[in-house]
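The values are calculated or read from the model by the stated rules, or taken from the named source; none is laboratory data. Here the structure is a predicted model, which is why all the values come from computation and not from measurement. With ideal geometry, Cβ positions are generated from the backbone for all residues, glycine too; neighbour counts draw on all protein chains shown. Side chains included, ligands, DNA and RNA excluded: accessible areas come from the protein's heavy atoms. Shrake-Rupley method; radii C 1.70, N 1.55, O 1.52, S 1.80 Å.
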Amino acid sequence: MVSQEQKSVDVQVEGCTYPVVIAPTLAGLGASMHVVGKPGRVVLVTNEVVGPLHAEDAERSLGEAGWSPIRVTIPDGEDRKDLHTWRVLVEQILDCGVDRNTPVLALGGGVTGDIAGFAAATVLRGVPFVQVPTTLLAMVDASVGGKVGVNTERGKNLVGAFWQPRLVYAGIATLETLSEAELRCGLGEVLKHTVLVGEAEMQALEIDACALANRDVARLTDWVGRSVACKAGVVAADPREAGVRATLNLGHTLGHAIETVAGFGEIRHGEAVAMGLVAVTRFAEARGWTAPGLARRLSSLASALGLPTQCPNNLDHGALCAAVGFDKKRSRATLTLVVPCAPGRVELRPLPVGEVAELVQFLF
Ligand SMILES: NC(=O)c1ccc[n+]([C@@H]2O[C@H](COP(=O)([O-])OP(=O)(O)OC[C@H]3O[C@@H](n4cnc5c(N)ncnc54)[C@H](O)[C@@H]3O)[C@@H](O)[C@H]2O)c1
């Protein structure tokens, strides 16, 4: 049962429905677990940063609802989201004496969710999975949609699966311990979702942007719900990323290139996406694909959210062009660019690799 303080967004995907519960704290986690199954063992996967901050709250709530959590801690960091960490984790999960009904619960950011989810998808050919996201980015994006996986030496997220969670439970109070920089990253994805939804949503964000940047809890709760609803709609329409789900890559073609050239971790993902979103909109305006004015609005919104809108000058143009040219979504000599034509209207436009240099100029 969802209490009055909580709200819940349903994600309907491939014949199943799961709730994304947005609650003030982790206190209601255990009670929400009834959708997963009868209480028993649950493997709680967290990392060395989030565990000491929030695992006890999660464990207490699970215990009160009759669950017996067994905590497994993985290393922190994108550079540890790899096959080695996954391999150690699956052995640890097996050592917990799991059966096919034992849930694996991820408590942490997108990295923990992606690794634990891939472990849940693969241990015993799949056990129930629960996401308890503790970064804004994971709440509004990574925990919803069922993409799980790890990086390899050849690139990001190249090994993985689609494995939907049975429950996503976001306790907004966990964001209190999140750094400003990580909060901003999540706001970058909120901005992206807002453009995908439409004009009224953009106007609402224009009103709320400063409050969000200042961590207003009521506004954060509201916008986590709005953003999840946006992602849930896209995922429901295209669970396996065969079509419309590609629109979620808005701002990401340039964003990934910035992350690659700057060196992972130097410029954070959400910041790079914001720069990419503004630049691709400016480019689209110059080409006449987008009515003038949207880029300026997006740039103001990004600034109000505390996000950068221009790429640092020291990033090498040539390297950025090369990185865009190697984008995963490239087919032969053409890129597929996600272009916002207007709030709520996004198009996929082919861009010959020979024209990438012109696109990259709009980052500066
Ligand atoms: N599966 C998907 O659909 C999807 C979508 C978007 C992103 N992702 C993935 O998500 C990852 C990025 O996620 P992220 O931004 O959450 O990064 P992250 O998981 O690395 O978290 C960022 C940092 O914040 C720390 N942290 C987490 N919660 C905290 C809290 N409440 N208080 C203090 N510190 C906290 C983490 O330990 C980490 O150091 C990337 O690997 C990306 O590929 C996946």
- Message: Tell me the per residue accessible area of the range 235-294 using a 1.4 Å probe; a whole number in Å² is fine.
- Response: 34 Å²
- Message: Using Cα-Cα distances under 8 Å and only pairs 6 or more residues apart, what relative contact order does the chain have, in percent?
- Response: 15 percent
- Query: Over the range 7-177, what per residue volume does the convex hull of the Cα atoms give, in whole Å³?
  - Reply: 99 Å³
- Item | Label-to-label distance, nm, for residues given as ALA211 and ARG287 (7 Å Cα→Cβ offset) | 3.7 nm
- Approximate spin-label separation GLU78-GLN203, in nm, with each point projected 7 Å along Cα-to-Cβ: 3.6 nm
- Query: Quick one: of the DSSP bridges fully inside the chain, what percent are antiparallel, nearest 5?
  - Reply: 45 percent
- Message: Amide H of GLY251 versus every other amide H placed in the peptide plane: which residues, excluding those fewer than 5 positions away on the same chain, fall under 5 Å?
- Response: VAL338
- Across 20 Å bins from the origin, how do the percents of Cα pairs in the chain run, short distances first? 31, 58, 11, 0
- Not counting the cut sites, what is the longest span of the chain without GluC sites (Glu not before Pro) that DSSP labels loop and that have at most 14 other Cβ atoms within 10 Å? 154-265
- Message: I need the Kirkwood Rh of the range 66-138: take the reciprocal of the average 1/r across all distinct C-alpha pairs and report it in angstrom.
- Response: 12.3 Å
- Query: GNM on the chain, C-alpha springs below 10 Å: top fluctuator among GLY160, GLY117, GLY354?
  - Reply: GLY354
- Note on the structure: In whole angstrom, the spacing between the Cα centers of the range 205-225 and the range 127-148 equals 20 Å
- Between ASP95 and GLU241, how many nm apart are label points set 7 Å from Cα along the C-beta direction? 3.2 nm
- Residues whose placed amide H lies under 5 Å from that of ASP82, excluding near-sequence neighbours: ASN151
- Message: Rolling a 1.4 angstrom probe over the protein chains, ignoring ligands and nucleic acids, what is the accessible area of THR122 in square angstrom, nearest 10?
- Response: 50 Å²
- Which aspartates and glutamates does LYS38 reach when only Cα atoms under 20 Å apart count, and residues fewer than 8 places away in its own chain are ignored? GLU59, GLU64, ASP99
- Task: Select from the chain the helices, each a whole stretch of DSSP H, whose alpha-carbon atoms run 24 Å or more along the helix axis and whose Kyte-Doolittle mean is at least 0.0; answer none if there are none.
- Result: 180-197, 217-237, 269-286
- Contour excess over end-to-end distance, with Cα ends at HIS317 and ALA357 and 0.36 nm allotted per residue: 13.6 nm
- One point scatterer per Cα, no solvent, Debye formula: log10 I(q)/I(0) for the range 188-361 at q = 0.15 Å⁻¹ comes out as -0.83
- Message: Please report the antiparallel percentage of DSSP beta bridges with both residues in the range 243-364, rounded to the nearest 5.
- Response: 90 percent
- Loop trypsin sites (Lys or Arg not before Pro), the range 184-220, which have at most 16 other Cβ atoms in a 10 Å radius of their Cβ (DSSP): ARG215
- Expressed as a percent, the accessible surface of the range 7-177 that is carbon or sulfur, using a 1.4 Å probe and the full set of protein chains, is 49 percent
